[in-house]
Each structure stands twice: as C-alpha cells, then as structure tokens.
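The values are calculated or read from the model by the stated rules, or taken from the named source; none is laboratory data. What you see is a predicted model; the values in this text were computed from it and never measured. Here the Cβ positions follow ideal geometry from the backbone for every residue, glycine too, while neighbour counts run over all protein chains shown. For the accessible areas, the whole protein counts, side chains as well, though only heavy atoms, and no ligand, DNA or RNA atoms are used. Shrake-Rupley method; radii C 1.70, N 1.55, O 1.52, S 1.80 Å.
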Amino acid sequence: MDDQPSIPLKDESISIPEITISENKLGEFPWWFVGLILIAIWASFFIFSKENYREAFLFIIVGIKFTIVTSLTAYVIATILGLFAGLGRISRNVVINNLATLYIELIRGIPMLVLIFFIAFVGVPIAVDFLNKIGVLLLSLGLTSTGKFLTNLHNQAIAMNVRAIIALAVTYGAFLAEIFRAGIQSIGKGQMEASRSLGMSYKQAMQFVILPQAIRNVLPALGNDFVAMVKDSSLVSVLAVRDITQVARLYAGRSFRFREAYVTLTVLYLIMTLALSMLVRYIEKRLRKNERT
Amino acid sequence: MNAPDNIIEIKNLHKHFGHVKALNGVNINIQRGKVVVIIGPSGSGKSTLLRCINYLEIPTKGEIWIDGELLTNDQKHLNEIRAEIGMVFQLFNLFPHLTALENITLAQKVVRRRSSEEAKEIALKQLRRVGIPEKADVYPGQLSGGQQQRVAIARALAMNPKIMLFDEPTSALDPEMIKEVLDVMLDLAREGMTMVCVSHEMGFARSAADEIIFIDEGLIVEQTTPAELFTNPKEERTKLFLSQILHH
C-alpha cells in the first residue's frame, strides 16, 4: 500500500502547559520506598540486638548462598530459553511458532508450585528415560562413548538442586519469552526493512539491529523478573533443597522458635529484593539518561 | 531474453493485499544509468511497485529481473541481490542505537565482509559526499531530518549499489531541509547512478529524470520524458493529477 504523504503536524497551540508545582514533586517522591528501607533497617537492628534472633539469623543465613546461586543460574538459563521462545513466537515458520506458543501457554496455565513438583518428579525422570533411549540408539550406531554415558545416566544422578534450577528456568523461560517478544515487536518494522534492504539476512538483522534495541527497551522488565524469581525461588524449598526458606523451616521445627525463624527469613528476602530493585531502578535511570532517540 | 542494457525488467507485476489490488499488471524496463521518477496519486501503488523491486513486498504474480537475474524467494540469493540495490525510505529508518558512522559501516562489515578500517574509510568518504563528515560520531536522534536522510543515503551508497531506490525521500522533511537531500540526489543522478524514485518533487523530476512514469490504480497510465509529460500529457488522468499538484 502507498504511504500517505505524512506532513509533520505542529499544533503548538493546543499543547498543554507543564505544571510544575512544588507540592507535586513532593507527592512524587517515593515515600513508600523510604518506608521499606526503614523497615529493613529496623528489622536488621532488631535481629542483631536479640540473642534468639541472632542465633536464628546465623542458622538461616547459610541458605542464602543456595538461594542466590540457584536464582542466578536459573535466570541465565531462563533468559536463553526465553530469548529463543520469544523469537519463536514471532517466527513465520508455522512449526516453530506453534511450538513456542505451546510452551509458553502450557507453562502459564499451571501454578508455579505444581510446575516445580511436576518438573522435578515427572519431567526430569521422563527426560532421563528419553536420554537413555537415545543412548541405546547411539550405541547401536557405534557412538560408544556418548552412548554409554547416556544409557548409564540415572534418574537419581540428577540432584534436587539441579531439578530446582531446571524447574525455575523452564517456568521463567516462558515469562521472559513474552517480555522478549514484546520488546522485539516494539521496534518499528522499518528497522527490519532497512536492514534487509542492505542485504542483511533475517538473523543478522535480528542480531545487529533489532535485538540490541529490543533488549535495551526491556531491560527494566527483565530486571523486575529477576527480583520476582528470587522471591519465587522460595517455592523450591518443597523439593527439600537447602535454600533459605527450607533452612528457616528446619530451624523453626527444631527449635520451636517460629517467630524468630520467620521474621529473620522475611527480612532476608526483603533485603535481597530491595537491593535488587534499587539496582534495577538505577540501571533504568541510566538508560533513560542515555536515551538517544 | 534480457537485453543487456536493461538493469531492471518488470513483467506483468501484480500485487494484492487481501482484496485490495495495489498493482494490476505492470511492465517496466529500466536501462542502466537512467533516472526514473514514479508519480501518482496516493494509493496508486507507486510505493508498492518500488518495494517489489527489492522484494520487500513479494509480488502476487509476475517477474522482476535485476541485471539479468530473476528474483525468487531464495533468501540467500535475495540477500545478494538486495546488497546491490540501495534503498532510501521516507522515514529514514536509521538504526537509532548506532552512530551515523556505525550505521554506514554495519552492513559493509556483515554483508560485504569488509574490514573495520576499510568500512570506516568508505563510510567517511560517503559522509563527505553527502556533506556531513562532522556528524560521524553523532547518533541519529541528534540529527535533523535532512541530515538523517543524508546519512541514510550514505549508508545505501557505501554498499556500492548498482541501483538506488528512493521511496518519497523528502516527504517527511520540513520544507527547509528538502533541498539538501535533493541536491545529493541530483549529484548522484549526474554521476550516472541508476535511480528509481517515488517522489512528489516535480522540480527534481523535471531536472533529473530521464523518464517519468505516472501510475494510477495499479497500472501505468503514461510513461514518457519529463518535458513531454509536463507540457503535453496525453491521458486525461495525467492531466487531472498534474493540475492538482502543480496549480494549487
């Protein structure tokens, strides 16, 4: 279709004057955020000044490494999964497009807690069975080393720690896919046309032109989902892995100090998510400052 | 079958968008080194025609031959041919995350496989040609419309295309910036570049075009020299269109 000749409209007469009243700025200040930080500081002080709390803290803090490592690893895998699923969602290839959509809709239709049980106790065993069968096939084809490795792969060899990471990654991959898809679709189609008209392939255009812009646009959303994942990582405690939630439950069960255990646990999550949110806000602000459009 | 001097041959080109028939059997031959300006009312199919030449729109029916090669859906072949056809868009379509220089070097590096130094050298040469070498390290967002369009032209030229397509290159510009872009296009025409332009700039058409094609309702109504078209249009529709755009 023909483009309508676009005439840059300049209707300065109807532009709304900027309202800059000092009260307005005061209202915009994130007081709630200051409140959150104060609560975190007060709670930390509380924990360190009481013997019982200090004991609970020292017991529970051991789990923080697991929580951080699990969240980070799962997030990196989820980003890769999400990027490819997001690209699949906008692919014009019917098979790829439908597979990506199936994955995303399937994951989004199941509660995360149920998904974690399912992936850990059903998904992983099925995958191991499948790999065993591939191993047998490879052995019959004469690829002995890989074949042997795959046939000998045992369900129990995959630790709950690893299953927790797989479960979180597969779940969040579907969420991140929608973020990537939205980011890519936010880039005007002229960018793809300009790239293709210069002789770039679809892949090159994505890699050098579309994705750098798209990812920049969705960076805040990606950061927010990382914060969300740190919180949701508490769900993997149902797999009896030693993340801070599970360790806090253990402490509570052993010492019967439920209050100390769960106050400490709550504060630890709050501190982690607050620190991460501040980081995301900082990055967002810097991006906005460098905006070049 | 293909005469050697025809760099573009369009045969019985049809393009339908659902029920809308944008092109209804267009035949055009364009000789190497000629400047062809396509004019026509809004919605006449002129942009669609231009976009079919490098397969940004895939024709519903018909054939496009570029320098003796038939365009097909074979993506690899298509990428090779597109590298030989520069295109300039109405809305510039510069890459906003790259500087002017990087805009010009990117495709040289990934498509033409030139080294960074070579690509940079060529980019600077093209920026000098379009008159803004001092803007090399500036991002598109900080350039005026006219400057952006000149970077876009430099970006296309850096690929050493055989053909340049212009899709209403001045329609989105403020009036005072139109001349700087047209000057670059005029220079290019004088240097013997094969150019196909969809444009409303009748002054440019008059002084640079070897041929003017008037399109309406997806068909070529008249194809002649600018002198002939402006002074002695044959078709009623051409007369009507010219009277609308020339005497307002």
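When averaged across all projection directions, what area in nm² does the alpha-carbon convex hull of the range B:149-224 cover?
Numbers: hull surface 22.2 nm².
Over every viewing direction, the Cα hull of the range B:149-224 projects on average to 5.5 nm².
Taking amide H positions as modeled 1.01 Å from N, with prolines and chain starts lacking one, the residues under 5 Å from residue B:211 and 5 or more places away or on another chain are B:35, B:37.
Shown for the protein assembly as shown: the carbon plus sulfur share of the solvent-accessible area, taken with all protein chains present and a 1.4 angstrom probe, equals 60%. Candidate membrane-span-like segments in chain A, meaning DSSP H helices with Cα atoms spread over at least 30 Å of their own axis and a Kyte-Doolittle mean of 1.0 or above, are A:64-89, A:160-185, with no membrane implied. The range B:1-68 and the range B:108-185 have Cα centres lying 25 Å from one another.
Please identify the trypsin sites (Lys or Arg not before Pro) of the range B:213-248 that satisfy two criteria: DSSP loop assignment and at most 15 other Cβ atoms within 10 Å. Which are they? Listed in order of number, the matching sites are B:234. Please report the spacing between the Cα centers of the range A:62-111 and the range B:202-222 in Å, no decimals. If you average the Cα positions of each part, the centres end up 52 Å apart.
Quick one: if you take sqrt(5λ) for each eigenvalue of the C-alpha gyration tensor of the range A:154-252, what semi-axes come out, biggest first, whole angstrom? Don't skip to the end; give the middle numbers.
Details: eigenvalues 317, 50, 12 Å².
Equivalent-ellipsoid dimensions as semi-axes: 40, 16, 8 Å.
For the segment A:204-213, counting C-beta atoms of other chains within 10 Å of every residue's C-beta and taking the mean gives 3.
Building the convex hull from the alpha-carbon atoms of chain B and averaging its projection over directions returns 13.9 nm². Among the residues of B:15-22, the average count of other protein chain beta-carbon atoms within 10 Å of the residue beta-carbon is 1.
Computed over the Cα atoms of the protein assembly as shown, what is the ratio Rg over Rh, Rh following Kirkwood? Each step should come with its number before you reach the end.
Numbers: Rg = 31.1 Å, Rh = 28.1 Å.
Over the Cα atoms of the protein assembly as shown, Rg/Rh equals 1.11.
Kyte-Doolittle mean at least 0.0 and Cα extent at least 27 Å along the axis: which DSSP H helices of chain B qualify? For chain B, where a helix must reach 27 Å along its axis and average at least 0.0, there are no hits. Calculated on the alpha-carbon coordinates, the convex hull of chain A measures out at 212 cubic angstrom per residue. Take the Cα of residue B:11, step 7 Å toward its Cβ, do the same at residue A:58, and the gap between the two points is 8.8 nm. Taking a straight Cα-Cα cut-off under 22 Å and skipping sequence neighbours fewer than 8 places away in the same chain, the lysines within cross-link reach of residue B:120 are B:109, B:135, B:162.
Per residue, what accessible area does the protein assembly as shown have, given a 1.4 Å probe and all protein chains present, in Å²? Numbers along the way, then the final one.
On the way: 27730 Å² over 541 residues.
Accessible surface, normalised per residue, equals 51 Å².
Just to verify a number: FRET efficiency for residue B:190 and residue A:189, C-beta to C-beta distance, R0 = 41 Å, to 0.05? Step by step, r from the Cβ atoms, then E = 0.75. Loop-located trypsin sites (Lys or Arg not before Pro) across the range B:86-124 with a Cβ neighbour count of 10 or fewer within 10 Å are B:113, with loop assigned by DSSP. Annotation: for a label point projected 7 angstrom from Cα along Cα→Cβ of residue A:65, residues of the range A:228-272 with backbone N closer than 14 Å are A:242-244.
Among all stretches of chain A without exposed GluC sites (Glu not before Pro) (DSSP loop, at most 15 other Cβ atoms within 10 Å), which one is longest? Show your work: numbers first, answer last.
Numbers: sites that count: A:18, A:291.
With a cap of 15 other Cβ atoms within 10 Å, the longest stretch comes to A:19-290.
Once the C-beta distance of residue B:225 and residue B:134 is scaled by a Förster radius of 60 Å, the resulting FRET efficiency is 0.95 to the nearest 0.05. Between B and A, roughly 2900 Å² of accessible area is buried in total, ligands, DNA and RNA not counted and the probe set to 1.4 Å.
DSSP beta bridges confined to the protein assembly as shown are antiparallel in about 55 percent of cases. Peptide B:165-177 has a mean shielding of 2, counted as Cβ atoms of other protein chains within 10 Å of each residue's Cβ. Applying both filters, DSSP loop and at most 10 other Cβ atoms within 10 Å, to the trypsin sites (Lys or Arg not before Pro) of the range A:156-208 eliminates every site.
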